[in-house]
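The values are calculated or read from the model by the stated rules, or taken from the named source; none is laboratory data. Because the structure is predicted, anything quoted here is derived from the model rather than measured. Heads up, the Cβs are rebuilt from the backbone with ideal geometry, glycines too, and the neighbour counts pull from every protein chain shown.
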Amino acid sequence: MTLDAAPKAATDPPSPRRKDDRLWLRLSAQERALISEAAAVADTTVTEFVLPSTADAAHQVLADPSLPESAHVRPAGPCMGGLRGLLDREPRSLPRLVELLGEPSVLQ
């Protein structure tokens, strides 16, 4: 038996794509069968089938402007991107951009 890659040492940092957390759900046998069948038809795993639509639904709920202000404040992270924090921070000065926009355009 041959190996294509050397095994990772125990001290190697985890892969950035590795997911260690689980979400446990209670669902009926019919719901489970429906989701499993749809995932099989889509030629994907149940996790890969469920996670994107669940994350999209969460983004839509959190982006709802009718929610109270406290619902829009959440920690920055790779998934959420910390949009609220980016919108709330002070604008930074970009002198080169100001200079560039002050120059005559080729269309003028």
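Here are the numbers for this structure:
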read-out: Tally, over region 54-82, of residues that are at pLDDT 65 or above and closer than 30 Å to R18 by Cβ; value: 10
read-out: Scope region 3-53; condition modelled with pLDDT under 90 and among the polar types (S, T, N, Q); matching residues; value: T11, S15, S53
